[in-house]
Amino acid sequence: YTAGFDTLATRLREIAVQNCGGSVTVVKQEVDPAGNVIDALAGNWTFTATTPGNWIKTSGANAGSLALTTPATGAGEGAVNFGIDLTGASGGRPVTIAETVRPGFTPDSVTCTGGTPSGPPENFTVTVVPNAIVSCVVTNKQASGKLTLKKVVNNGTTGATTANTAWTLTATGP
């Protein structure tokens with residue numbers, strides 16, 4: 001309970017740290033080849049968190065590795081959360097987040113608040129420290145398509161000798 005607005009911000013931070021501190025939230029975002037956001041909360045992407053020891057909280061005992069898939073709908077749409085046991089870790093624990101990259105996309109970037117990521121966006125490490133709420137946005141870029149036009153000339157038995165280079169092929173599109 002708080003008696004006024006002057007203490008409300010402090011109390012809200014305490015509640016957030018109590019409920020979210022010692023965790024890494026990964027939010028998935030997809031962009032098109034030009035960098036425009038296609039889906040800011042993309043579902044059906046799998047991330048695996050790994051720690052050097054059994055420090056990832058699960059419904060049972062702690063584990064050294066845990067794979068989660070971002071939900072496509074609902075309150076947690078496009079995000080997964082890995083709880084980290086920080087018992088005895090005053091300096092924090094490194095957590096490596098590996099993404100299973102889907103066909104048609106390439107890893108683009110990772111940005112985090114509450115921690116600094118190192119490594120490529122599809123396999124980065126961030127240190128989770130006590131009283132910190134780490135949230136990372138992993139962005140993948142949709143691969144651009146490629147169209148190849150090839151002319152095949154079949155002169156058959158007519159005696160014609162037209163080469164495939166005698167034709168001009170064009171295509172239009174985005």
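The values are calculated or read from the model by the stated rules, or taken from the named source; none is laboratory data. Computed from a predicted structure; not experimentally measured. Glycine also receives a Cβ, built like all others from the backbone with ideal geometry; neighbour counts cover every protein chain displayed. Protein only, heavy atoms only, side chains kept; ligands, DNA and RNA dropped before computing areas. Shrake-Rupley method; radii C 1.70, N 1.55, O 1.52, S 1.80 Å.
Which of the following residues is open to solvent by 50 Å² or more (accessible area, probe 1.4 Å), over 13 Å from Val134 (Cα atoms) and either aliphatic (A, V, I, L, M) or modelled with pLDDT of 95 or more (or both): Ser90, Ser118, Ser59, Ser109?
Going through Ser90, Ser118, Ser59, Ser109 in turn, the sole match is Ser118.
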Original post:
If the Cβ limit is 7 Å and pairs must be 6+ apart or interchain, which residue in region 34-54 that is open to solvent by less than 40 Å² (accessible area, probe 1.4 Å) pairs with which residue that is among the charged types (D, E, K, R)?
Top reply: Ala42/Lys28; Ala42/Glu30; Gly43/Glu77; Trp45/Lys28; Trp45/Glu99; Trp45/Arg102; Phe47/Glu99; Thr51/Arg93
Subject >> Hits in region 73-100 - residues which are part of a loop (DSSP other than H, G, I, E, B) and not small (Gly, Ala, Ser) >> reply: Thr73, Glu77, Asp85, Leu86, Thr87
Subject >> Index of the failed condition, Asp108 passing every other in (1) farther than 19 Å from Ser65 by Cα; (2) in a loop (DSSP other than H, G, I, E, B) >> reply: (2)
Original post:
If you take the residues of region 62-74 that are more than 20 Å from Val37 (Cα to Cα) and of a type in the set (A, V, I, L, M, F, W, C), which of them is least open to solvent (accessible area, probe 1.4 Å)?
Top reply: Ala63
Original post:
In region 121-140, which residues are assigned to a loop (DSSP other than H, G, I, E, B) and modelled with pLDDT of 95 or more?
Top reply: Pro121, Glu122
Original post:
So which residues in region 132-174 are in contact with a Lys or Arg (Cβ under 9 Å, 6 or more places away or on another chain), open to solvent by 60 Å² or more (accessible area, probe 1.4 Å) and either under 28 Å from Glu30 (Cα atoms) or of a type outside the set (Val, Ile, Thr) (or both)?
Top reply: Asn164, Ala166, Trp167, Leu169
**OP:** Please name all residue pairs, on different chains or six or more residues apart, with Cβ atoms under 9 Å, provided the first residue is in region 101-114 and is free of Cβ contacts under 8 Å to residues at least 24 places away in the same chain and the second residue is crowded, with 16+ Cβ neighbours inside 10 Å and part of a loop (DSSP other than H, G, I, E, B).
**Re:** Gly114/Val129; Gly114/Ala132
Subject >> Complete set of residues in region 75-87 that are surrounded by 14 or more Cβ atoms within 10 Å (Cβ to Cβ) and either among the polar types (S, T, N, Q) or within 15 Å of Asn131 (Cβ to Cβ) (or both) >> reply: Asn81, Gly83, Ile84, Asp85, Leu86
